[in-house]
Structure formats: structure tokens, C-alpha cells
Amino acid sequence: MTAPTAPTAETERWIRNYVDGHFVDPDPDRGFAKADPATGQVFARVHEADASLVDRAVTAARRALDNGWAETPVRDRAELLRRAADRIEERFEEFVAAEIADTGKPITQARELDVSRALTNFRTFADVAAAAGQESFITDLAGGRQALNYAVRKPLGVVAVIVPWNLPLLLLTWKVAPALACGNAVIVKPSEETPSTATLLAEVLDEVGFPRGVYNVVHGFGGDSAGEFLTRHPGIDGVTFTGSSATGSQVMKTVAPQVIPVSFELGGKNAAIVFDDVDLDEALTGLTKSVFTNTGQVCLCTERVYVQRGIFDELAAGLAERAEQLRLGMPTAAATTTGPLISQTHREKVLGYFALAEQAGAKTLTGGGIPDLGPGLAGGSWVEPTLWTGLTNTDRVVREEIFGPVAALIPFDTEEEAIALANDSKYGLAASVWTDDLRRGHRVAQKMRVGISWVNTWFTRELRSPFGGIGLSGVGREGGESSLHFYTEPTNVCVQL
Ligand code: NAD
Ligand code: 6OD
């Protein structure tokens, strides 16, 4: 295992915190190294925010609200969001480069998925917020009198936004855009693995005229670091968190004494069900995407593939062949389809599951090891795309989220059996059903115990739809009106007429 190389004076570059409209001078005693996952080379140091800097961010956010941001007309906030999208578009390749440096993801994906979705997030939530209405009711009272009830929605206040490393800018802007559209001030805590794009976004929001204190970024880790300092802070009014179920549970405990709203988008162990009537080629294309996109590091990725027995061997062979066609390599090369895992630590975890699969008697159809990509990439955290057969729902590798380019293929005979197998999980994030029989597609998709259930597609998103998970996969929904509801507090006004 190659450890990340130490930074040299020449390569040392600081990624700074952004508080109250200013980038904070880094404290040289509070820096941690940020390495490129593709090569293992350290390219920057990140300034870890201490408790007093987090406190300054919370104070600045509150001041921004009090100075008028919370009262700004929604059309003005929406206009700022649109300008932010336009400016990200102008600086598109800088965001792409920053995302690649932090994650090692392929350039095509960084462009087409990550940074493109940031633009869409800002534009969609500008539209959604600007078009939002309010519910109102005429209430019949005794004696023929009536009352008018309506709700006014006010910003939640100071919102802590804590996000993971897998789709850093996409997931950050998915929360920041609606939060700002609703008139909140945010303190963002990006993952320690991916600090760059949150920081770059601070430049953009400053350039387009967001008032100081409305958007703040504090860098650091979770426990006993910026994440915990933020969630423990008595000045926050809500937490929106994306990350693992274990951390979500920890954050829930931390904020419990404050009894504030939380929105949790957590882990998954997502199933695909493939029926024997399917167009095999189309299913293979979809499954390849759903198992291997972002090297399997998308919460929605499929890690369990249930295949109807009659096509099991053909589908397994076809998927293995597609996996072998993936191109691992330099993230900046246009032909690269698959990057490294985020870190050596995460690779250790994934390799641990490779060993567990072997112990459980799995047959490895393809992969199962570390690829040899030549000296330039030898220090990176690479693993081979991997597929197993011979496992059952009781095996740990089929029950626990691995978050890597892996899936277990398991046969089934009947529709009922497939539904039972897919729903046999404490997670409930996403599922996909692959069939040429649309009636069956609707029927099975509706029976999935998940937040999102796709038929003949995967990761096709409508940002106005509710998005979230069941069970260990989360609490609450965001997207469209659900976001407006989470990021605001309604006051019911009742007027006797
Ligand atoms: P993680 O839970 O380790 O970290 C997420 C964030 O929480 C990071 O910013 C981290 O620094 C912070 N954090 C960690 N401990 C904390 C604490 N005690 N208090 C406050 N903050 C803390 O997750 P990760 O490894 O960065 O991301 C991968 C996980 O995220 C996977 O489980 C994946 O399924 C999940 N995820 C879910 C969704 C979704 O929409 N449901 C989306 C993306 C990722
Ligand atoms: O598409 C989204 O809005 C979203 N939150 C995706 C989550 C992906 C998980 O890694």
C-alpha cells in the first residue's frame, strides 16, 4: 500500500475556510493534507476550522439573516441563484478540474453529471421557489361565520449543510440552492476528502452578489472537528445531512437536545430486479451504469442484482463482459470511464469485502483485486470492477453497503420471490426493475420499499420530485416542494371573516 506523499514547499497550496464574506487566513498548525486519489500525490493543505471559527460562521450567518437576507423578496433571491448558475457555467472547467483533483473521477462524468447538475440545481430551485404558492382554506364556523386560514412560510434560519465526498458539488448544491432560495443562511461542511468545489463556490456566490454571511464554508472532519462543532452549536436552526447511516445516527444524537429539524440522506444497498422478458442489451447497458458509475460510489448504485433464472447465466456473462470493457486510467483522459476509490482507507474497506465474499464462497466473475495501471497511478486507490455469484441474502457482502464497483448476482424464479429478496434490507433508498412488461414494471416498482424506484432506467432525476430514503437510508424528503417545506417554517394565520 502506498501512503500519500508528503507535500513539498512547491506543491503546498491552501484550501481556505470562507466566513462572513471573506476567505480566512489559514493557521499553519491546523492544516491537513489533501491527496489526489488517482495518484496519491498531495496537492494541497486544508485549513481545519476550530470551534471558534465555526462559531464565527454561525454568528455571521445569523447576522446576515437579521440584516435583511431573510426578508429579501423571493424573486431577488431566485435571480441571484440564476446568476450563480450562469457564473458556474462561465467557470465550468475550473469546477471540473477541482472535482477531478479531489475525487479522481473521469472528466466526462465530472462534466456531464457533477458540474452540470450544479447548474441545474441552482436553476431548478430558483424556478421552484419563485413559483411556489401557499395553501389556504375557508373554514366554516358556527352561526354561518367563516375564517380564512393561510400559511406564511419563513426561512428556517441558520442551516448546517453537511455533505460527503462522492458527488461533492452535486450534493452540496442540491441542498444549498433550495436553502438559499428560501432565504436561509448556510454553513457548509464539505467532506474532508473533497474541500475544493465548496470553496470555489464561495468565490462564485461572492462574485454574483450574495450578501456576506449568507454562504459560509468550514473545513474539517466529523467528530471533535468542524462537523461536530457545527452540529453541536446552539445557534443553528436545522441540519441537512448526506452521508453514511452510522454518521447520520451520530448527528441525530448530537442535535437531539436542541430539537431542531433534520433532513438525512443516508446509505443504501440497492437492488435491481431483472426479468427474463427484458431486452438484454438495454438491461446490460443500464445495469453497467447502475453498478459502476463513479466507481460504485453513488448512494443509488446497485449492489444486489436479482436475475430471473432463465437468463441468469447469459446476463451474468454479459455484465462481466461489460465490466471488463470499462477503462480505468487517468481521470483527465477522455476515454477513461472509471476512476479510483476516494482514499486508501476506503480501498481497505472495499478490499475487506472482497475477502469476505471469498470466505462466503462467492465465485468472482470478474475483478476481485487491485489493477496494475502503471507507475503513474500506482499510488492511487484503485480496485477492479468486481462481480460475484454464489452468494445469498444472508451474506454480509449482500447486506452491508460496500460503496465500491461491486455487485452480487443472485437468481430468482418468481416475481413474488424477487420482491421479497429486494425488500429484505434495512436500507430503503433506490431500486430498479428491468422488464419489457410495463404492467409488471409498475406493479413491482410500487412494491419496492424505497424512496425511488426506477423502471428500465437508473439515476434519471426529476428535481421537483420528492427524494430520500426509508429505514437506514434516511429521514425526510428533499426536492421540489419537499425542499421548500424543509427549508421553511410555516405560520398559520387565521382570520375571522
Ligand atoms: P460520512 O458519513 O463518513 O461523512 C459525511 C459527512 O459527515 C462528511 O462531511 C464528514 O466529515 C461528516 N461527519 C462525519 N462524522 C461526523 C460527526 N460526528 N458530526 C458531524 N459531521 C460528521 O460519509 P462519507 O463516507 O463521506 O459518504 C459516503 C456515505 O454517504 C455512503 O454511506 C453513501 O451511501 C452516503 N450517501 C448518501 C446519499 C443519499 O442521497 N442518500 C448521497 C451520497 C452519499
Ligand atoms: O440526485 C440527487 O439529487 C441526489 N441527492 C443524489 C444522491 C446520490 C448519492 O450519492
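Just so you know, all these numbers are worked out from the coordinates, no wet-lab data involved. What you see is a predicted model; the values in this text were computed from it and never measured. Cβ sites come from the backbone with ideal geometry, for glycine too, and all protein chains shown count toward neighbours.
So for the stretch 372-486, what are the equivalent ellipsoid semi-axes in whole Å, largest first, each being the square root of 5 times an eigenvalue of the Cα gyration tensor?
Here the semi-axes work out to 28, 22, 15 Å.
For the chain, return all DSSP H helices satisfying: extent of Cα atoms along own axis at least 18 Å; mean Kyte-Doolittle hydropathy at least 0.0.
Qualifying helices, which must be both long enough and hydrophobic enough, are 51-66, 116-131, 168-181, 196-208.
Report the gain in length on full extension from PHE137 to ASP224: 0.36 nm times residue separation, minus Cα-Cα distance, nm rounded to one decimal.
Taking PHE137 through ASP224 to full extension adds about 26.5 nm, to one decimal.
So what is the relative contact order for the chain, in percent, with contacts set as C-alpha pairs under 8 Å and at least six apart?
After rounding, I find 19 percent.
Once a ≥ b ≥ c are taken as the square roots of the eigenvalues of the Cα gyration tensor of the chain, is the result rounded (a/c under 1.5), prolate (a/b larger than b/c) or oblate (a/b not larger than b/c)?
oblate
If you take the square roots of the eigenvalues of the alpha-carbon gyration tensor of the stretch 332-422 and sort them as a ≥ b ≥ c, do you get rounded (a/c under 1.5), prolate (a/b over b/c) or oblate?
Taking the square roots of the gyration eigenvalues as a ≥ b ≥ c, the stretch 332-422 is prolate.
Taking K and R as +1 and D and E as -1, what net charge do the other residues with C-beta under 11 Å from the C-beta of TRP382 add up to?
Its environment carries a net charge of -1.
What residue among VAL444, HIS346, ASN294 has its Cα farthest toward the positive end of the dipole of the stretch 270-462, where the charges are +1 on Lys, Arg and -1 on Asp, Glu, each on the Cβ?
The residue sitting farthest along the positive end of the dipole is HIS346.
Under the rule of -39500 (n - 2.57) per DSSP H run of 4 or more residues, summed and divided by the residues of the chain, what mean residue ellipticity at 222 nm is obtained, to the nearest 500 deg cm²/dmol?
Counting only the DSSP helices, I get -11000 deg cm²/dmol.
Order of 230-238, 338-346, 277-285 by packing, highest average Cβ count within 10 Å first?
In decreasing order of mean packing, 230-238, 338-346, 277-285 become 338-346, 230-238, 277-285.
Beta carbons within 10 angstrom, averaged per residue: use that to sort the peptides 48-55, 405-412, highest first.
The densest-packed peptide leads the list: 405-412, 48-55.
State, to one decimal in nm, how far the label point of ASP436 lies from the label point of ASP279, with both points 7 Å from Cα in the Cβ direction.
0.9 nm
Mind checking the full-extension length gain between ASP66 and ASN492? Use 0.36 nm per residue of separation minus the Cα-Cα distance, one decimal, nm.
151.1 nm is the gain from fully extending ASP66 to ASN492.
Given the C-alpha centroids of the stretch 108-186 and the stretch 427-478, what is the distance between them in whole angstrom?
22 Å
Kindly identify the stretch 1-136 as rounded, prolate or oblate by the Cα gyration tensor criterion: order the square roots of the eigenvalues as a ≥ b ≥ c, call it rounded if a/c is under 1.5, otherwise compare a/b with b/c, prolate if a/b is larger, else oblate.
Note, shape of the stretch 1-136 comes out oblate.
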